[in-house]
Amino acid sequence: MSLSVFGVNHNTAPVSIREKIAIDPARIELTLKSLLQEEGIDEALVLSTCNRTEVYTYSRQESTGQSLVGLKWLHQFYGLDENEFQTHLFSLEESYAVRHLYRVASGLDSMVLGEPQILGQLKEAYRSACDAGTVGKMLNKLLQNSFSVAKQVRTDTAIGSSPVSVAFAAVRLAQQVFGDLQDKTALMIGAGDTIELASQHLHDNNLGRMIVANRSLERAQVLASRFNGYAIPLKELPEHLADADIVISSTASQLPILGKGAVERALKKRKRKPIFMVDIAVPRDIEPEISKLNDVYLYTVDDLQTVIEENQRSRQTAALQGDEIVLTETRHFMDWMQSLDTISVIQAMRENIQTPQSDLVKKAKQHLAKGDDPGKVVEALARALTQKFTHTPSVKLKQATSKRQEELISAVKELFDL
């Protein structure tokens, strides 16, 4: 049996690389089923967020080199240039893969230490894999354990005691640019968890006005109504861009939502009043060239790292406590996983004994039916069973003695308490 994880994340690759490997939610099922076609991969789950695209796999075979198989699949599936991506890819196996997943679920591997959104994203990835039929006994057990570990870390430590997140960092940066937000208008593009959280932080910091743009107007209206905002469909975005002092975008679009031309036109209408933009999406929603325009302050998720680092120092002690929990639970899972090998050996041993036992008992019953002495029949049965069950071990022990295989001899003494 073998567990593996491979892919890219914010620790190994910049956003320019991550966005090329980000998986469109509409293609998750296709991606998962493609993985299961690879030799040696029996179960698979894909976690794709703005900060990571990671593939978790399980094989019933031992030492299958899943990571190598997986990395080869990654290059072929995406048509990647090996030279461009090789240095940014990572792979882990066995206990290292388990520990990594537990740290991801607990927010200990996040760009924003302890952020809670990743757990929801992991649960969604789990549901998608279940729907696609690519999760079996092993990954199901592993994922369920990861959810429990995440809950334990959040309950038993102070990892979530302060509002530190990508959304929080974006709003804090806006405050650094503008100061008071009471007379500012924010244009929120998208209606997912990150935009919802950013909207909440803006509202808590007395934002003057909010506009929510989304493909689904209904979802935009639901979010906007919570913060006394105004909802618009995504196609009306250019008409309202000039009203925005702050633009925060996080959608699942595979192509940019905002182009340089639209921003240039908005700046003319604003008479060069600056616009603060944060692109949290991967792939990016806002064309990178926009950063070259005067009066535009454009930041990506990677640019928020400095702000995030300043706000998460208080969580470092809690993170150390969280890692202790993760290490303990990783050992427990690996012990359980290794016990499965023992169970299969015990089952095979019992099956190996069952057939000759049945044959010998059948012969004993035949002798009893003929009227043979029951005592002698039982004694003969006992001798036959003993000879049958000890023959092969005795031969192996003699061979072990001649080959000086002391470990095998010691193991037999331990097993039979000799």
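The values are calculated or read from the model by the stated rules, or taken from the named source; none is laboratory data. Everything numeric in this text was worked out from a predicted model, so none of it was measured. Ideal geometry is used to build each Cβ from the backbone, glycine not excepted, and the neighbour counts take in all protein chains shown.
Per the conditions (1) touching a Ser or Thr at 6+ places or on another chain (Cβ under 6 Å); (2) acidic (Asp, Glu); (3) part of a helix (DSSP H, G or I), the sole criterion not satisfied by residue 115 is (3). Among the criteria (1) surrounded by 16 or more Cβ atoms within 10 Å (Cβ to Cβ); (2) modelled with pLDDT of 95 or more; (3) over 30 Å from residue 236 (Cβ atoms), the one residue 187 does not fulfil is (3).
Restricting attention to the stretch 23-40, does a residue exist that is free of Cβ contacts under 8 Å to residues at least 60 places away in the same chain, in contact with an Asp or Glu (Cβ under 6 Å, 6 or more places away or on another chain) and surrounded by 18 or more Cβ atoms within 10 Å (Cβ to Cβ)?
No, the conditions are met nowhere in the stretch 23-40.
So which residues in the stretch 281-298 are in contact with a strand residue (DSSP E or B) (Cβ under 8 Å, 6 or more places away or on another chain), of a type in the set (A, V, I, L, M) and buried (at least 20 other Cβ atoms within 10 Å of the Cβ), if there are any at all? Within the stretch 281-298, 281, 286, 290, 298 meet the criteria.
No other residue among 164, 149, 153 is hydrophobic (A, V, I, L, M, F, W, C) and at pLDDT below 90 apart from 164. For the stretch 108-131, the candidate set comprises residues that are among the aliphatic types (A, V, I, L, M) and farther than 19 Å from residue 192 by Cα; within that set, the residue that is surrounded by the fewest Cβ atoms within 10 Å (Cβ to Cβ) is 113.
Taking the condition at pLDDT 80 or above, surrounded by fewer than 20 Cβ atoms within 10 Å (Cβ to Cβ), among the acidic types (Asp, Glu) and touching a strand residue (DSSP E or B) at 6+ places or on another chain (Cβ under 8 Å), does residue 324 pass? No. Scanning the stretch 266-277 for residues that are surrounded by 14 or more Cβ atoms within 10 Å (Cβ to Cβ) and part of a helix (DSSP H, G or I) yields 266, 267.
For every residue, the table says whether it meets (1) loosely packed, with under 14 Cβ neighbours inside 10 Å; (2) free of Cβ contacts under 8 Å to residues at least 24 places away in the same chain; (3) in the same structural domain as residue 186 (by TED's automatic domain parsing).
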residue: 221; (1), (2), (3): no, yes, yes
residue: 235; (1), (2), (3): yes, yes, yes
residue: 242; (1), (2), (3): no, no, yes
residue: 249; (1), (2), (3): no, no, yes
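Taking the condition at pLDDT 90 or above and outside any strand (DSSP E or B), does residue 263 pass? Judged against the criteria, residue 263 is a match. Considering only the stretch 374-416, state which residues are within 47 Å of the chain's Cα centre (by Cα), closer than 16 Å to residue 353 by Cβ and either among the polar types (S, T, N, Q) or not in a helix (DSSP H, G or I) (or both). Hits for the stretch 374-416 are 392, 416. The residues in the stretch 69-85 that are modelled with pLDDT of 75 or more and among the polar types (S, T, N, Q) can be counted, and the count is 1. Whenever a residue of the stretch 192-219 is assigned to a strand (DSSP E or B), its partners that are acidic (Asp, Glu) and surrounded by fewer than 19 Cβ atoms within 10 Å (Cβ to Cβ), lying with C-beta atoms within less than 7 angstrom and at least six residues away or across chains, give the pairs 211/243. Identify, please: which residue in the stretch 128-180 is within 16 Å of residue 55 (Cα to Cα) and among the hydrophobic types (A, V, I, L, M, F, W, C) and is, among those, nearest to the chain's Cα centre (by Cα)? So the residue we want is 143.
Listed here are the residues, each with its yes/no results for (1) surrounded by 17 or more Cβ atoms within 10 Å (Cβ to Cβ); (2) over 17 Å from residue 113 (Cα atoms).
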position	(1), (2)
168	yes, no
178	no, yes
204	no, yes
211	yes, yes
232	yes, yes
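Summed over the stretch 132-165, residues that are surrounded by fewer than 24 Cβ atoms within 10 Å (Cβ to Cβ), among the aliphatic types (A, V, I, L, M) and more than 21 Å from residue 99 (Cβ to Cβ) total 2.
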